[in-house]
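Trainee: My questions will all concern the structure given below.
The values are calculated or read from the model by the stated rules, or taken from the named source; none is laboratory data. Since this is a predicted model, take the numbers as computed values, not measurements. Here the Cβ positions follow ideal geometry from the backbone for every residue, glycine too, while neighbour counts run over all protein chains shown.
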Amino acid sequence: MMTPASSGAAPARTPEPASGIIAVRETLVDARSGWRHDPTIVLDRPRLFETAVTRLQAFKAAGGVALLDWSGSGGFRDPDLLAAIGEASGVQVLTTAGFGTPDCLPSYYLVEPRPDVASMAAQLAQAVQQGQLVEPGMRRTTHKASALLASADGAALDEAAGRVLRATVSAALHAGAPLFLNSVASFAAAEPIIEQAGLPPARVVIGHCDTTALHQDRVIDYAKRGYRVAVDHVGWGPIPGEEAMSDEQRAQLVLRLAEQGLCGNVLLSCNTSMVRLGGQPSSPHASTHLLESFVPLLRKTGVQQADVDQILIANPAQLLRRSDS
C-alpha cells in the first residue's frame, strides 16, 4: 500500500502551475468545517491516500497535469497531505484558502469578538504569501495557496458574511491571488465590493455559470466585461428539482462563448470529490469525465481544438500565476 511522504522544514514556495490541462474546481478530500471534532469520522490516512492517488492517476492518464483543490480554509485543510498525494500521482495539486461555502466559516468569524476586516484579510493574504495554516495547532506549512475562495448568499449579505467577503477581496488584491466566487448567486453581492476595491475582473472567477437559473446571455455579458466564467459542474445533472444543465447545454454555452471570441474568459471543471469523509459516497462521476466525455462533446458541437486548448491549458495557467510575481 502506498503511504504519504513526510515533509521536512523548507521555505514556503510559490507554486507555478504546470504546463498542460488544468481542472480548476475539484476536491481531493471533501470534509466540512469541524470534521476533526466529529467522533463518527475515523480518518484512515493510508486508505485515503491510496484512493486519492489512484483517482488522480486516472486523471493524468486522461491527459490532466494539474488541478486546483477546493478544500479552502474550512474544509480538509491538510496541504501537506494533498501535496504528497499529488507528488505520488504525478499530478500537480494546487491548494486554496478562504471559504467557498457559507457553512465553512469558522465560529470565531461569526461570534463576538469578531476579527475586523483588516485582520481577516491579513490572515488570508499570509496563506498566499507565506504558507497555509493547518490544524491541529495552526502550524504554518510550506505550501502557499494558489487562489482564494469566497461565497455570498444571493443578493443580500448578513453582516458577518459581508465582512468575510470584503476581507477576501482585499486579500486577493494585495496578495496577487485570483478570487473564485462559489456561484453566480454570490456575484450580485460581491460585484460592488470587487469594484470598490479595484480588483480586476480578469482576476475574478464566477462559479456555477452552468445553471439553467441563469440565462446564457448573462454569462456572455459577464465574459464580455472581463470576468472569468466557470462551467464547473460538467457531468452533473440534469436532476429533477435542481437547476443543473445537461452536458449538451454546457457544450452549447461554450460554443456561444467561442463564437463571440470569449474563450479567453472560460474555465472548465467537474466539481467532483475524490474522497468524502463522514460516510458520504464520492461523486458519481470522476474528474476524467471532463477529458474523456465532455471534450469530445465540445468538438462534436463545433468548438475548435484551438479554443479547447485555450480553455483547458492557457486560461488556468494565466489565472493561477500570481499577479504580483
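Trainee: With (1) within 19 Å of the chain's Cα centre (by Cα); (2) assigned to a helix (DSSP H, G or I) as the list, and Val205 as the residue in question, which single condition is left unmet?
Mentor: Of everything listed in (1) within 19 Å of the chain's Cα centre (by Cα); (2) assigned to a helix (DSSP H, G or I), Val205 misses just condition (2).
Trainee: Under the condition of being crowded, with 19+ Cβ neighbours inside 10 Å and free of Cβ contacts under 8 Å to residues at least 60 places away in the same chain, which residue from segment 198-210 is nearest to Val234 (Cα to Cα)?
Mentor: So the residue we want is Asp210.
Trainee: On to the next question. Just name the residue that is farthest from Asn271 (Cα to Cα) out of those in segment 294-314 that are among the aliphatic types (A, V, I, L, M) and surrounded by fewer than 18 Cβ atoms within 10 Å (Cβ to Cβ).
Mentor: Ala306
Trainee: For segment 128-158, give me the residue count where each residue is hydrophobic (A, V, I, L, M, F, W, C) and modelled with pLDDT of 90 or more.
Mentor: So the count comes out to 6.
Trainee: Another question, if that's okay. Any idea how many residues of segment 294-314 are within 21 Å of the chain's Cα centre (by Cα) and not aliphatic (A, V, I, L, M)?
Mentor: 3
Trainee: Specify the residue that is nearest to the chain's Cα centre (by Cα); the eligible residues are those in segment 64-81 that are of a type in the set (A, V, I, L, M) and either closer than 15 Å to Leu105 by Cβ or surrounded by fewer than 24 Cβ atoms within 10 Å (Cβ to Cβ) (or both).
Mentor: Taking the candidates together, the pick is Val65.
Trainee: Of all residues in segment 256-293, which are of a type in the set (Ser, Thr, Tyr) and either within 18 Å of the chain's Cα centre (by Cα) or buried (at least 21 other Cβ atoms within 10 Å of the Cβ) (or both)?
Mentor: Ser269, Thr272, Ser273, Ser282, Ser283, Ser287, Thr288
Trainee: So, one more: Restricting to segment 122-134, name every residue that is surrounded by fewer than 23 Cβ atoms within 10 Å (Cβ to Cβ) and in a helix (DSSP H, G or I). Give the steps one after another, and end with the answer.
Mentor: Residues of segment 122-134 surrounded by fewer than 23 Cβ atoms within 10 Å (Cβ to Cβ): 122-123, 126, 129-131, 133-134.
Ala122, Gln123, Gln126, Gln129 - these are the residues of segment 122-134 that are surrounded by fewer than 23 Cβ atoms within 10 Å (Cβ to Cβ) and in a helix (DSSP H, G or I).
Trainee: Follow-up. Identify the single condition in (1) surrounded by fewer than 21 Cβ atoms within 10 Å (Cβ to Cβ); (2) part of a helix (DSSP H, G or I) that Gly237 does not satisfy, given that it satisfies every other one.
Mentor: Single failed check for Gly237: (2).
Trainee: May I ask you to verify whether Gln249 is polar (S, T, N, Q), over 22 Å from Gly63 (Cα atoms), surrounded by fewer than 22 Cβ atoms within 10 Å (Cβ to Cβ) and out of contact with any strand residue (DSSP E or B) (no Cβ under 7 Å at 6 or more places or on another chain)?
Mentor: Working: polar (S, T, N, Q): yes; over 22 Å from Gly63 (Cα atoms): yes; surrounded by fewer than 22 Cβ atoms within 10 Å (Cβ to Cβ): yes; out of contact with any strand residue (DSSP E or B) (no Cβ under 7 Å at 6 or more places or on another chain): yes.
So Gln249 passes the test.
Trainee: So, of the residues in segment 82-111 that are in a helix (DSSP H, G or I) and hydrophobic (A, V, I, L, M, F, W, C), which turns out to be surrounded by the most Cβ atoms within 10 Å (Cβ to Cβ)?
Mentor: Among them, the one singled out is Ile85.
Trainee: Whether any residue in segment 268-285 is in a helix (DSSP H, G or I) and either over 30 Å from Ser170 (Cα atoms) or aliphatic (A, V, I, L, M) (or both) is what I want to check. Please lay out each step first, then the result.
Mentor: Taking segment 268-285 as the starting set, the residues that turn out to be in a helix (DSSP H, G or I) are none.
Scanning segment 268-285, I find no residue that is in a helix (DSSP H, G or I) and either over 30 Å from Ser170 (Cα atoms) or aliphatic (A, V, I, L, M) (or both), so the answer is no.
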